[in-house]
Amino acid sequence: MAESRNEEANLDSHGRGLNRPECVLAHESGRLFVSDWSGGGGIAVVNADGSVQRLLARDRAHALRPNGIALEEGGSFLLAHLGEDEGGIFRLQPDGSTESVLTELDGRALPPSNFVTRDGRGRIWVTVSTTRQPRALGYRSDVADGFILLIDDEGARLAADGLGYTNECALSPDGTSLFVNETFARRTTVFDVGPRGDLHRPRTLTTYGPGTFPDGLAFDREGALWITSVVSNRVIRVSSDGKQELVLEENDPRFVEEAEAAFLEGRMGRPHLDRNPAPRLRNISSLAFGGRQLERAYLGCLLGNSIRSFIPGVQGLPPVHWHADLTPLLAALASHPNEELP
């Protein structure tokens, strides 16, 4: 059971009118970048003054549904497409044009794709949670068909498979380990990373108890992981030895008990993720450190229309995109005032 430190944190709100802001990224400029399902799908930009602008795909017959996102130099974004029955990784340019980065592997189309991130060597890591359709069939402890892909100069390849609903992943600060949340296996797994990005020696860092379903993760400067849990709206700090500390929680215990019972009985489904009676934390799914000194934690969510944040008492580790050049993106946003919310 996680030790509890603070269940009544002050929460600030950022932006408004966001559309499924599942993944949030922070930048040194004070801007937040959030996945957004408006129109053709893309990114909502929450400026430092709280105003919101959108960079949406403009050249697609079918909308993109970004789940995880990654910021590149120049202000382009990688989007993990979580379609109803299709996935893939796409690049969204500052002018709204898109290009396919990866839509199939070994001749097989990618299933709905969960997460994408870049590392310091320019490699791209991708997670696919499950191959089952609909995805809710993977909300079980006995399903382990999730996998991790690596895209580098050699192309795309399978890095690890047999995972229990693969969610967010992140490299350790020294790049020698990769951490990944297996949401419905209820654990955080760590791999050794070889010179070519090969993953080996998987082991469990920590497992989670009733009501906790790990989704997002981020490192702080002390080397600890910050984990977000869907359903129960928990933020848990996990030390390098796997010890858990419950930092923040907001939920309706009856709803969590109902979801837990459904999970244990193998009948968990979309209603347990598509509704959540908590008044402020609307099914939190990701965490990004930001602020001038990376002293603030921002929370992405599945159901809210804004980003909540709090001061965790420890600084975050700067993400690989922290100093990314945004000049082309900012110029494009300035030329499209119609994308600014009224």
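The values are calculated or read from the model by the stated rules, or taken from the named source; none is laboratory data. The structure displayed is predicted, hence computed values, not measured ones. Positions of Cβ are backbone-derived with ideal geometry, glycine not excepted, and every protein chain shown enters the neighbour counts. Ligands, DNA and RNA are excluded from the accessible area calculation, which covers all protein heavy atoms including side chains. Shrake-Rupley method; radii C 1.70, N 1.55, O 1.52, S 1.80 Å.
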Cβ-based net charge around Ile151, under 15 Å, with every Lys or Arg adding one and every Asp or Glu removing one: -3
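Consider all pairwise Cα distances in the chain and report the whole-number % of them above 31 Å. Could the numbers behind the result be given before it?
Values: 14722 of 58311 pairs.
Counting pairs separated by more than 31 Å, the tail of P(r) holds 25 percent.
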In whole Hz, the Karplus estimates of ³J(HN,Hα) for the range 310-326 (6.51, -1.76, 1.60; θ = phi - 60°; x where Gly or Pro) are 8, 9, x, x, 8, 7, x, 7, x, x, 4, 8, 4, 9, 4, 6, 10
Ordered by residue, what ³J(HN,Hα) values in Hz, to whole numbers, does the range 229-236 give under the Karplus form 6.51 cos²θ - 1.76 cosθ + 1.60, where θ = phi - 60° and Gly and Pro are x? 10, 5, 6, 8, 6, 10, 10, 10
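Compute and list, largest first, the equivalent-ellipsoid semi-axes of the range 202-251 from the alpha carbon gyration tensor, each √(5λ) rounded to a whole angstrom.
Values: eigenvalues 61, 32, 16 Å².
With the √(5λ) rule applied to the range 202-251, the semi-axes are 17, 13, 9 Å.
Order Thr98, Thr212 by their accessible area, 1.4 angstrom probe, all chains in place, largest first. Please list the in-between numbers first.
Numbers: Thr98 30, Thr212 10 Å².
These residues rank, largest area first, as Thr98, Thr212.
When averaged across all projection directions, what area in nm² does the alpha-carbon convex hull of the range 138-226 cover?
On the way: hull surface 24.3 nm².
Taking the Cα atoms of the range 138-226, their convex hull projects to 6.1 nm² on average.
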List every residue whose amide H lies under 5 Å from the amide H of Thr130, counting only residues 5 or more places away in sequence or on a different chain, with H placed 1.01 Å from N in the peptide plane. none
For Gln315 and Thr176 in one chain, what is 0.36 nm times their gap in residues minus the Cα-Cα distance, to one decimal in nm? 47.9 nm
Phi-derived 3J(HN,Hα) across the range 140-157 with the Karplus relation (6.51, -1.76, 1.60, θ = phi - 60°), rounded Hz, x for Gly and Pro, is 9, 6, 9, 10, 9, 10, x, 8, 10, 10, 10, 10, 9, 5, 8, x, 9, 7
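Calculate, for the range 98-215, the solvent-accessible area per residue in square angstrom, rolling a 1.4 angstrom probe over the heavy atoms of the protein chains. Write out the running numbers ahead of the final one.
Working: 4800 Å² over 118 residues.
About 41 Å² of surface per residue is accessible.
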May I ask for the distance between the Cα centers of the range 255-333 and the range 183-202, given as a whole number of Å? 23 Å
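For Glu154 and Asp95, calculate 0.36 nm times their separation in residues minus their Cα-Cα distance, and state this gained length in nm to one decimal.
Additional length available on full extension: 18.4 nm.
Quick one: ranking Ile311, Ile148 by accessible area, 1.4 Å probe, largest first, what do you get? Intermediate values should be presented prior to the final figure.
On the way: Ile311 95, Ile148 0 Å².
Of Ile311, Ile148, the descending order of accessible area is Ile311, Ile148.
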How much of the accessible area of the chain, in percent, comes from carbon and sulfur atoms when a 1.4 Å probe is used? 46 percent
What distance in nm separates the two pseudo spin-label positions at Ala334 and Ser51, each 7 Å out from Cα along the beta-carbon direction? 1.2 nm
Relative contact order of the range 129-288: what whole-number percent is it, with Cα pairs under 8 angstrom and at least 6 residues apart? 17 percent
Amide H contacts under 5 Å for Val230, placed H, 5+ residues apart: Phe213, Asp215
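Using Cα-Cα distances under 8 Å and only pairs 6 or more residues apart, what relative contact order does the range 1-158 have, in percent?
On the way: 335 pairs, mean separation 20.2, N = 158.
RCO, the range 1-158: 13 percent.
Pull out the extension gain between Arg292 and Asp192, defined as 0.36 nm times the separation in residues minus the alpha carbon to alpha carbon distance; nm, one decimal. Show your work: numbers first, answer last.
Details: separation 100, 0.36 × 100 = 36.00 nm, distance 3.22 nm.
Full-extension gain reported as 32.8 nm.
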Dividing the mean separation of Cα pairs under 8 Å (6+ apart) by the residue count of the chain yields a relative contact order in percent of 19 percent
